[in-house]
Amino acid sequence: MAGYRLEKGGLVGRNETVNFTFNGRPYVGFKGDTLASALVANGVSVFGRSFKYHRSRGLFSRGAADPNTLMQIGIGAQTSPNIPATQVPVTDGLVANSINAWPSVEFDIGEINDVFKRVLIAGFYYKSLMWPKWGLFEPIIRRAAGMGKVPKEPDSASYEIGNLQCDVLVIGAGLAGLHAAQAAAGAGADVIIMESDTVAGGTSLWSIGANANEDVREQVKRLVNEVHSSPNIRMLCSTTVVSYHDDNYLVAIDRNCDVVAVDERLIHARAGSVVVAQGAVERPFIFENNDRPGVIAADAFSELIRRYGVAFGKKIVIFTNGGRADDAIAAAHEAGIEIVAIVDSSDGAGSDARNDNRLMGHVIKRAMGRKRVRGVEVVPTDGQGSIKLACDTVVVAAGASAQLQLFTQSGGKLSYDEDSASFLPVSSMQNVRVCGASNGTNTPTSAVSDGRWAGLDAAASVGFGDKPSVPDLTRALEKPLWFVHQSSSKTSFVDMQGDVTVSDLALSLRENFRSIEHIKRYTTLGMGVEQGKISGLAAIGVISELSGKSPGDVGTLKHRPPYSPVSLGALSAGQKRGALLAPIKKLPAHKWHEKHGAVFEDHGWMRPTYYSMSGETMHGAAAREAVAVRKNVGLFDGTPLGKFEIKGPDAAKFLNYIYAGRMDTLKVGRIRYGLMLNENGSLFDDGVVVCLSKDHFLINASSGHADAVYDWLEAWHQLEWPLDLVIQDCTAEWAVATVAGPKAREVLAALNPGFDVSAESFPHMSYRAGHISGVPARVQRVSFSGEICYEINVSADYGEWIMHHVQEAGKLFGLVPYGIEALEILRAEKGYIHVDTDTDSNTQPKDIGFPYPSKTKESDFIGRRSLMRPASHSPNRQQLVGIATADPDTVLEVGAHIVTGNPAQSIGFITSSYMSPNLGCSIALALMNGGKAATGASVDVWSLGKTVSGTVCDPVFFDKERGLLNG
Amino acid sequence: MLKIDCPWCGSRNEDEFSNGGESHLVRPEPPTSVTEDEWANYLFYPTNTKGPSKETWFHKYGCRQWFNVTRNTATHEILNVYRIGENPPEENS
């Protein structure tokens, strides 16, 4: 027998029906139902299949805590996996499907796993990964172990992000939370209250304590109305706080947005103080087959009757531990449900005589039935014999699990309280307090006084009102029954969602796992959507008994965000998706590049890799461009080059600190190459320094390092050398057209820049300012290709114009545009390095041929002392060398190792490698142990599974005499 | 998400800042007279305090100014904020 709708009762809108489907079949519910309550009302018992063993599972708990009713909600692009049916309000047209069930929830082939439990034990993955043929099993196991499906289509839902600030943030709108909010607001604080349920009121809406009484419910309704109408309280229902960060920064998801066309809103909230009033949920009793559909927690059972007007079954057995089930018993009586027996594990000593059909000192040993409970076997706690009782429902009241996940996320500490058999908050790291059932209170009176105290204390902590005195609270006294020893441990489930049993925990202890955190990872305990909300304390209790430690010594599990599942869409709210994820930086001349067939790559900027002519490959195009530069002239867009101006009386002195080389001797109009080191003496960046005037310098940084160099300069200026100067980033102010090649001078002359371009008056490593067609231009004669080369800087507004203009001027000389790939070939032919590509975090100047510090430089510079360490002078350091392969057509793989000996040892690695179209052979740069001294030696390079023979050579492959450069 | 009181811009979220490690570090010089131990101590041996720690922070996505923060590394509580070149507040009085 399954559940059904009661004739009357509940808070659902009985006049408003809602149509929805579950596993393809149509059902009708009422407005105010959750998917779970509506399915129970329709007689559905089996909601899904379990994760590992594919056992039938039904409704067990409520809200975010339910482990068994995970649903796939929606279809197509809108589908979301793994949402508990207890958290889904039914709406017209809702489509829900079970997860983990194939081919159907009623007949699931995976249930065969239930038979093979002995194989699928704790640590199954770790053990089976050691099998030689894991690859054979993996696809099958992965398919079987799925948890819902991710949509294949792009998400069509819309998300928004919002920021909120308040004096006091209350989490949970139950009795304690509402009173806390009201008290804080009364003291003058600006209050926000967030409730994950669709309505405020919490358990007070349906659990009215032992003193069943309409008045309490009316009081709560009045309180909700008062809070709603209070001018300094903002109440957000359907809003789940999912994470708690430093300085009272909390993240919540609002699923009931008042904004048109927004499905979910991500809220970032900063609160002065926080009140946690998340309540508690009933945890499971742990006995054989305690996971069967029909076994339900007492609080979920009462909520079904009083909130949704739904009975979970017709004949129930209640399993309790003292007085915990009184509310469920009252609810069953109200609904006219037959109580077959109340199985009470306590001996009854000291309690009131009860005139109900109570079996004192008894426990349920096992539940019978597969897709629905058919009965239970009851045994005395001490002694022999057993009784079998027929029933369709087992209501369990084992003890409360206070919801303290967010409190522990905040840094709060818990301590085990023997009397109430629960972990209670003892100290907090932030401005936060816990009240109500989260704080272990067990009566409405206690919840009210605790809530009022928390609200007043929170308000006082941020300057509103006086600090209140701490109230006396009552807490339930519990003698916990952590698990039923008479039951078979193999089917006694501690974590129903992860299919973790008592025997799994016992196995992990036998295998010497001691920390609860290690046991968690080994058994997957509490690692599902439920995140230990009800299984956490249950497991601590079981481990406590199995290991003979007190629960306090077993310790609690560290809770991490999110508290309950969050859609990825919500986390990417604020349009941080697709093309809007990160801004795309385009060069000023982007259109010009496009027009010339540029193929772009994102290097922080979208930069042309090569210019494709009539279907060329990248290699073909790059080779053509690189040959054209050496033969005639090429045009390159160097705009992303880092450009910083340093100006002030101390500018030269500062640059002397920043660069390993001397910059104070640089003459106006001249340029010097420099290396920036870090304090370890390793290369940080390289680039040229231009002396514009005695107190004004322009420095260039590698394109990819521009941002880091800017921060670097600021840090040293502000923290170490507060000299008289200013630093200005002008990277994006200037567009750079780089003209390189033997005919570059003719092109520059044709542009008529207004100064003498002859080799004598404008030599290599010098600078001139001029005008090109009236546009101010800064021209640097520097080279990254070994050819005569001019970097023409104009205002970025003229970025497209200058490319076009240079191209026009270069037509006569055979000018071609070239991209990054050709640039790389040209610089590698010359042995010019890229810092971080041809160097690593150990590379010092000497290793690449710069024997700093020079004798004439007296001032300190960053990293100078490190260059004096003995290790910096070792002849075995990794040094930059060239590698020429024996077969000129073999191009080595970047990252390939230079090896020696047997077994082979790495003595270096390839950092850059190209086929040189100008030399007609492969070229490679490498970092090699003692490489300089090894010049001329034959080496083996292990490249892509093959040994390639080569020779160590000078890293400069082309124009060693630098005749072209200075021409 | 720490709330950091930039001495130039006021209270802003942590994600606008970056941490630069311990402050009041004295860089030994001149290099020719700095011993290996002194240099190693400067480079590799931060105090790594558990508890109140004096740090430099950089308001990267703001005023781009560096400043000092005293932060409890165990609780993340920020105890005070002061400018570069200033003494920590408790040492002023």
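Computed from the coordinates by the stated procedures, all read-outs in this text should not be read as laboratory data. Predicted model only: the values in this text are computed from it and were never measured. Every residue, glycine among them, receives a Cβ derived from its backbone with ideal geometry; neighbour counts consider all protein chains shown.
Just flag the trypsin sites (Lys or Arg not before Pro) in region A:512-569 sitting in loop per DSSP whose Cβ has no more than 13 other Cβ atoms within 10 Å. Write down the numbers at each step before the final one.
Values: sites: A:R514, A:K520, A:R521, A:K533, A:K549, A:K558; in loops: A:R514, A:K533, A:K549, A:K558.
Answer in residue order: A:R514, A:K558.
Please give me the summed charge of the neighbours of A:A750: other residues whose Cβ is under 11 Å from its Cβ, Lys and Arg +1, Asp and Glu -1.
+1
If you restrict to DSSP beta bridges whose two residues both lie in region A:872-930, what percentage is antiparallel, to the nearest 5?
Counting DSSP beta bridges with both partners in region A:872-930, the antiparallel share is about 100 percent.
Mind giving me the FRET efficiency for A:T381 and A:E418? R0 is 25 Å, r the Cβ-Cβ distance, nearest 0.05 is fine. Please list the in-between numbers first.
Working: r = 20 Å, r/R0 = 0.81.
So the FRET efficiency works out to roughly 0.80.
Within 14 Å, Cβ to Cβ, of B:K50, how many net charges do the neighbouring residues add up to if Lys/Arg are +1 and Asp/Glu are -1?
Local net charge: -1.
Taking just the alpha-carbon atoms of region A:736-895, what radius of gyration and Dmax come out, in angstrom?
When restricted to Cα atoms, region A:736-895 yields Rg and Dmax of 20.0, 56 Å.
Applying the Karplus parametrisation 6.51 cos²θ - 1.76 cosθ + 1.60 with θ = phi - 60° to the phi angles of region A:293-307, what ³J(HN,Hα) value in whole Hz is obtained for each residue in order, glycine and proline being reported as x?
Once rounded to whole Hz, the list reads x, x, 8, 9, 6, 4, 5, 5, 4, 5, 4, 4, 5, 8, 9.
What length, rounded to one decimal in nm, is gained on full extension from A:K667 through to A:L944, with 0.36 nm per residue of separation minus their alpha-carbon distance?
Going from the current span to full extension adds 94.8 nm.
Give or take rounding to whole Å, what are the principal axis extents of the alpha carbon atoms in region A:482-561, in descending order?
37, 24, 21
Calculate the translational D of chain A in whole µm² s⁻¹ from Stokes-Einstein, where the hydrodynamic radius comes from the Kirkwood formula applied to all Cα pairs, the temperature is 37 °C and the viscosity 0.692 mPa s.
98 µm²/s
Just in region A:416-519: which GluC sites (Glu not before Pro) are loop by DSSP and have at most 16 other Cβ atoms within 10 Å? Before the final figure, lay out the partial values.
Values: sites: A:E418, A:E478, A:E511, A:E517; in loops: A:E418, A:E478, A:E511.
Here the sparse-neighbourhood loop sites are A:E418, A:E511.
Among DSSP beta bridges whose residues both lie in the protein assembly as shown, state the antiparallel percentage, nearest 5.
75 percent
Which pairs, out of A:K591/A:K647; A:K490/A:K549; A:K52/A:K558; A:K413/B:K50; A:K694/A:K830, put more than 29 Å between their alpha-carbon atoms?
Working: A:K591/A:K647 34 Å; A:K490/A:K549 22 Å; A:K52/A:K558 24 Å; A:K413/B:K50 18 Å; A:K694/A:K830 32 Å.
Those over the limit are A:K591/A:K647; A:K694/A:K830.
Evaluate the distance, in nm, between pseudo-label points positioned 7 Å from the Cα of A:R222 and of A:E858 along their respective Cα→Cβ axes.
With each label placed 7 Å out from Cα toward Cβ, I get 8.9 nm.
If one takes the longest principal axis of the Cα atoms in chain A, at what angle in degrees, from 0 to 90 and to the nearest 10, does the Cα axis of helix A:214-229 lie?
30 degrees
Taking the Cβ-Cβ separation of A:A769 and A:D711 as r and a Förster radius of 41 Å, what is the calculated FRET efficiency to the nearest 0.05?
Values: r = 29 Å, r/R0 = 0.70.
It comes to 0.90.
Where does each of A:C691, A:C730, A:C921 land when they are ranked from fewest to most other beta-carbon atoms within 10 angstrom?
A:C730, A:C921, A:C691
Which of the GluC sites (Glu not before Pro) found in chain B are in a DSSP loop and have at most 14 neighbouring Cβ atoms, other than their own, within 10 Å?
Values: sites: B:E14, B:E16, B:E22, B:E36, B:E38, B:E55, B:E77, B:E86, B:E90, B:E91; in loops: B:E77, B:E86.
Sites meeting the loop and neighbour criteria: B:E86.
Take chain B, compute every pairwise Cα distance, and split them into 5 Å bins from 0; I just need the percent in each bin.
P(r) over chain B, rounded to whole percents: 3, 13, 22, 21, 17, 13, 7, 4, 1.
At B:E38 and A:K549, where each label point lies 7 Å from the Cα along Cα→Cβ, what is the point-to-point distance in nanometres?
So the two model labels end up 5.0 nm from each other.
Percent of Cα-Cα pairs more than 23 Å apart in region A:874-961, please.
Details: 559 of 3828 pairs.
Here the tail beyond 23 Å accounts for 15 percent of pairs.
Got the relative contact order for region A:780-914 handy, in percent, Cα pairs under 8 Å and 6 or more residues apart?
Numbers: 94 pairs, mean separation 24.6, N = 135.
With pairs under 8 Å counted, the relative contact order is 18 percent.
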